[in-house]
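The values are calculated or read from the model by the stated rules, or taken from the named source; none is laboratory data. Computed from a predicted model, the values in this text were never measured in an experiment. Glycine gets a Cβ as well: all are built from the backbone with ideal geometry, and neighbour counts include every protein chain shown.
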Amino acid sequence: MDKSEIVFVVLLVGGFLIPPAVFGLWWMFLAVLTFFACFGFYEWLAVKSSGRTISQKFWDFSKEKKIQAWILIVGWLVAWLALLWHFADKHLI
């Protein structure tokens with residue numbers, strides 16, 4: 001794992017887990033921790049069965065199917081924005 005990947009993982013895990021833990025939002029913390037555990041299991045399974053991570057498989061896919069890769073990225077962007085909107089909508093906006 002190179003330096004940029006370590007930074008990515010620290011930012012991802014830290015950004016998702018540290019704030020809920022600091023503020024005592026334990027159900028949110030546990031939900032995200034469960035997501036990471038499940039994703040980690042499938043990451044391990046992907047590497048064990050193919051020698052490639054989920055990200056590497058996506059990058060391979062995106063080389064040949066750029067439009068479909070962008071559709072997936074935009075779909076995920078919309079979904080994450082919808083979740084953030086959901087959190088903010090009741091009392092912050």
Practice task
Can you tell me which residue among Trp27, Trp59 is of a type outside the set (Lys, Arg) and surrounded by 10 or more Cβ atoms within 10 Å (Cβ to Cβ)?
Solution key: Trp59
Practice task
For Gly51, state whether it is without any contact (Cβ under 8 Å) to a residue 40 or more places away in the chain and on the phi > 0 side of the Ramachandran plot.
Solution key: yes
Exercise for the section: Among the candidates Leu30, Leu11, single out the residue that is without any contact (Cβ under 8 Å) to a residue 60 or more places away in the chain, assigned to a helix (DSSP H, G or I), more than 19 Å from Trp80 (Cβ to Cβ) and not assigned by TED's automatic domain parsing to the domain that holds Leu84. Expected result: Leu30
Problem - Residues within segment 51-68 that are part of a helix (DSSP H, G or I) and either within 16 Å of the chain's Cα centre (by Cα) or assigned by TED's automatic domain parsing to the domain that holds Gly15 (or both), tallied - result: 6
Practice task
Determine which member of the set Val47, Val78, Val74, Val32 is of a type in the set (A, V, I, L, M), closer than 21 Å to Met1 by Cα and modelled with pLDDT of 95 or more.
Solution key: Val47
